[in-house]
Structure formats: structure tokens, C-alpha cells
1. If Asp370 satisfies every condition in (1) more than 11 Å from the ligand (Cβ to nearest atom); (2) at pLDDT 95 or above but one, which is the exception?
2. Taking interchain pairs and intrachain pairs at least six residues apart, which have beta carbon atoms under 9 angstrom, with the first residue in segment 345-373 and without any contact (Cβ under 8 Å) to a residue 60 or more places away in the chain and the second loosely packed, with under 12 Cβ neighbours inside 10 Å?
3. In a strand (DSSP E or B) and among the hydroxyl-bearing types (Ser, Thr, Tyr): is that true of Tyr104 in this structure?
4. Taking the condition of being touching a Pro at 6+ places or on another chain (Cβ under 9 Å) and either among the β-branched types (Val, Ile, Thr) or more than 16 Å from the ligand (Cβ to nearest atom) (or both), how many residues in segment 320-346 meet it?
5. Quick check on this structure: which one of Thr310, Thr268 is among the β-branched types (Val, Ile, Thr), more than 28 Å from Gly141 (Cβ to Cβ) and out of contact with any strand residue (DSSP E or B) (no Cβ under 7 Å at 6 or more places or on another chain)?
6. Going residue by residue through segment 134-146, is there one that turns out to be of a type in the set (Phe, Trp, Tyr) and either assigned to a strand (DSSP E or B) or modelled with pLDDT under 95 (or both)?
7. Restricting attention to strands (runs of 3 or more DSSP E) lying wholly within segment 151-258, give those where 2 or more residues are farther than 20 Å from Ser299 by Cβ, out of contact with any Asp or Glu (no Cβ under 6 Å at 6 or more places or on another chain) and in contact (Cβ under 8 Å) with a residue 40 or more places away in the chain.
8. Just to check your reading of the model, which residue among Ala311, Ala322 is outside the structural domain of Lys518 (by TED's automatic domain parsing), touching a Gly at 6+ places or on another chain (Cβ under 7 Å) and modelled with pLDDT of 95 or more?
Amino acid sequence: MLGMIMDYPLTITCLLERARRLYAGKEIATKTEGGRHCYRYADLYERVCRLANALRELGVRPGDRVGTFAWNTYRHLEVYFAVPCSGAVVHTLNVRLGGDQLAYVIGHAANRVLFVDESLLPLLEPLREQLPTVRAYVVMGDGPLPDTPLRPVLRYEDLLAAASPAYAWPTLDERSACGMCYTSGTTGHPKGVVYSHRGMYLHSLMLTSADVMAICERDVVLPVVPMFHANCWGLPYAAAMVGAKQVFAGRFTQPPDLARLLQDEQVTLTSGVPTIWISLLPYLQEHPHDLSRIRMIVSGGSAVPPSLFTAYDALGLRIVHAWGMTEMSPVGVLGHLRSDMLGWRPDEQLGTRAKQGYPVPVVEVRAVDDQGREVPWDGRSLGELQVRGPCVTSGYYEDERSAAAFDDGWFRTGDVASIDAHGYIQIADRVKDLVKSGGEWISSVDLESAIMGHPKVLEAAVIAVPHERWQERPLACVVPRPEAKGSLTAEEIVDYLRPRFPRWWLPDAVVFLDAMPKTGVGKFDKKALRAHFRDFQLA
Ligand code: AMP
């Protein structure tokens, strides 16, 4: 017997229409070159309609891929809605990709139109001969069209001004594609993930639920995570669904700008990778700001060291750990404490908060060992983490690597994790980052999280280096705090770790770096570290 429920497609258009009807007066603010741009959801709606008409004029048809090469701004948000709601697919390009990779993903996705921030034109211009699929470049900026060799080139504001503010949104199949994003692996080209309207709708609803981020109308949401990183973790769509005020930092994400913005816009929820919070911390400690409205800082993308939780706790700011992947739309688990943990000792609570968290409503998890057996939820047994759910990808876009990414209907994350009796997962490592010493695994994440607890350490990453006897051994790469440069020693680091780990886990060597190499989305770039220390000789 079938359920007797309306066949109502879950689409991004529903979110847009809802924002217009219910939250027309709520604000969307963006930090700009000269100051601040602020308008309302009603203005967003009108400009999204204009943009949808302009896209039609540009020859964009349902299913076509439209690229964005842009920072977090209200214009980027307009593209986030106009493209999928008119039936096309918004492809957010990582502005930090190298030229060849960028040309590859634009070509692989066959982008027809590219929306480019004026300040980013110099990154795209040298590639113009390598982008045969692109029929038009649209420059997003405030001034006149800049001088550029890109052709044909159009000005975003001119397109909108010439277009009608009325648009009849098409009825879309909820399973149709709304967006895509490429994720970089250790080897080979980036892999394309294609999102559906239904998946994004459910993901938005999930983010608003009380045990996830509880995003609601009263919130002021500032995603520091770039809009090109996995749908900005779904925040712009979720915020629109509930009419939360949205704040965008533009390209101004340095600590002084961020602190000001968080304070002045009275932000309640913000999100970003740990490197953002690591760099903001000393600034906040030296320059107190009134951030009392913030109720949650969501930190994900790589592991949050326990010391970062406590440092922010001391400022009255609560970091909540999150784990996810581009392939999961992206949020998978969140590290809230449960009611029965609230009476626990602070160190026990910290231990649980430092785990990545337990699955959100649309995600199922399991960890599987080398023999393909699910490992018990005992908080100790390690296995490859696998996930499934309505927001998880079913394969990479036109990519033969898809088949290897699944195990009996579950997506293989490539992360090694344990799951405890409460369902909290703890990521030990990426499979490829584990240090395999004498047949045993050492978690680089555990080691580097601990090292970052040392008062003289700013950032730390641990990589495997070859070892004759043990096959691989850990090498700690450490960036000291500015005041400790030159005085911090390898012995101090190892002594600090000694009481915390078995002896055979201790790094064989510690090297000091001036700066940590970072990936395009701001994570520590272990691939670059491994390449740099490929021939490192352990004593
Ligand atoms: P991305 O697709 O760029 O978001 O990268 C996803 C990968 O980042 C995951 O497979 C993990 O390896 C890593 N990751 C994301 N969040 C966390 C976290 N909270 N702790 C540790 N690793 C994380």
C-alpha cells in the first residue's frame, strides 16, 4: 500500500519562495572594499529573478553547468539561487586551485558561463586559452568593467539592470542536479560531486534541527567557510529556509576584520576550519571584542585540538566539532554533548567534545575492518568509516573512480575511525595519512592535536617518513608561536607528549617551520609536507 501524501518536490526554489514570503525584511550583509553592503531577502529575490532572466538570455539551459569563481558575497548568494532554481547547475570553483586543476574542472564540468569576482580576474585570465567550453564571463564588481583579455565579457550589474524582475520558476524534479563541487584527492584529478535539489533541501532542514545547528529566524549566520567549499557547508540555504540574517565576509577573513564583523553584525553562529580559529585566537586574546551573541562556532574540515576548545571556552565561546565531506553535502556528524554527559567531569566532557560527534539525522555510519567486517561500537576498534543517506553522493561525475568508492551501497569515506557506544565517531586519520609503524597504526591526528596543546606551539602536523626497520615513523612538523621562535626545542615537544602516548607513538624527529603549508580550503597540506620531507633521514 502506498502512502497517500502529495508528491511535492523538495527544491531550492521552495527555500527561495519561503524566504520571500516570510522573511522579506530580514537582512543580508556583506563586507565590501569600501565598507558594508546590506539589503533584504526581498531585494535578493528580485535580483535572483533578474539573474534567472539574464541566464536565459545568455543561453543557459536546464542542466547546463554555470561556474562561480568568487568569495563569499551577496552576489555569490544570488548565483547560488538563480542557477539551480532556473534548472541549471551551480558549480562553485575553488579560487585557490592551481591553474591546471582549475582548467581541468571547468572543462570536465563543461561550464558554459563563469561568474567571476573582479578581484579574482588575474587568476583566471592566464587560463583563457584552456577554457573552450566557456561562452561568457560575467564580472561581479561595483565599478565599470575592468580591462581584461577574457572574451566575451559582461558586467554582472549591467545584466541585472537590463533583465526583467519577474520570472516564473519552472517545476523541477527534486532529483535533478542543483550544484556541483570538485574535491581534490591525493593523486589524480579532482573528483566532481553533483548535488540534487532534494539532497540540499533535506540537508538544510537537517541543519535547522535542534540537535544539529538549530539555525532559526533569530540567528545571524556568518559562514567563514568559503562558498566554494562544499556548499558553504549548507549554511546559505539553511539560513534562507528559516529567514536567518546572513553575513558575508567577502575576501576579508583576517583576524581583525573577522573579529569586527562578528561583533558589529552581532553574529550568533559562525563556521570554519580550525586554522581560522587558531589564527583568530591570539587576536581575540589581545583585543577583546564583545562576541557575547555567538552561541556556536562550528569547526570542521580537520580535527579540532582539545586545547582549542578550552582556549575558546575561556573566552566564553563554544566551539562545536563537526565532521563531513564534500561527498556528503557535507555535514555528517556534530559533537554536541548529550544530556547524560552534562554531569561528567570537565576532562571527560572535553574528551567527548574533541571527538567529531554523532551522526546527524540524515546520515548513517559504520566502520569496517580490512576483512570487510563492521567493527563494534566500543570507542577503540578502528575501521574505515562508511556512510549512507539522502545527502550522500551516489558516485563521482563522469569518473571511473566511482566504483571503488562504494562498498555494498555505503560510501567509503577514506577516513579511519572508531565509534563509541553513544555513536560518537573519532577520526584517527585519513587512510593515507596513518603512520604504519611495525605493522601497527599511529594516528597522526591524535599526535598533532596533542602537540597543538603545547603553549609554545601555533600549528602542528604529523606525517609518516620511511624507516628501514619500522617501515614508517612519525615526523612532527611544528610552527612555534611567534614569541617562541628559536627557543622551542624538539625535546620539549617530545617530553610534552611522553605522558600522553605509548612510547612507540612518540615522533622520531621534530622539525620547525616558519609557516604551515595549507590546502585550497585552509587545511594543513600534508601532501606538500610529505613531498618536502620525502628524503628526510631519521637519525
Ligand atoms: P572535504 O571534502 O574537503 O570537506 O574533506 C573531507 C575530509 O576532511 C574528511 O574525509 C576528513 O578526512 C577531513 N575532516 C573533515 N572534518 C574533520 C574533522 N572534524 N576532524 C578530522 N578530519 C576531518
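The values are calculated or read from the model by the stated rules, or taken from the named source; none is laboratory data. These figures come from a predicted structure and were not determined experimentally. Virtual Cβ from ideal backbone geometry, glycine too; neighbours counted across all protein chains shown.
1. Asp370 satisfies all of (1) more than 11 Å from the ligand (Cβ to nearest atom); (2) at pLDDT 95 or above except (2).
2. Close Cβ pairs satisfying both conditions: Gln349/Leu342; Gly372/Asp408.
3. Values: in a strand (DSSP E or B): no; among the hydroxyl-bearing types (Ser, Thr, Tyr): yes.
Spelling it out, it is not the case that Tyr104 is in a strand (DSSP E or B) and among the hydroxyl-bearing types (Ser, Thr, Tyr).
4. 1
5. Numbers: Thr268 fails: out of contact with any strand residue (DSSP E or B) (no Cβ under 7 Å at 6 or more places or on another chain).
Exactly one of Thr310, Thr268 is among the β-branched types (Val, Ile, Thr), more than 28 Å from Gly141 (Cβ to Cβ) and out of contact with any strand residue (DSSP E or B) (no Cβ under 7 Å at 6 or more places or on another chain), namely Thr310.
6. Scanning segment 134-146 turns up at least one residue that is of a type in the set (Phe, Trp, Tyr) and either assigned to a strand (DSSP E or B) or modelled with pLDDT under 95 (or both).
7. 177-183, 191-196
8. Numbers: Ala311 fails: touching a Gly at 6+ places or on another chain (Cβ under 7 Å).
Being outside the structural domain of Lys518 (by TED's automatic domain parsing), touching a Gly at 6+ places or on another chain (Cβ under 7 Å) and modelled with pLDDT of 95 or more holds for just one of Ala311, Ala322, which is Ala322.
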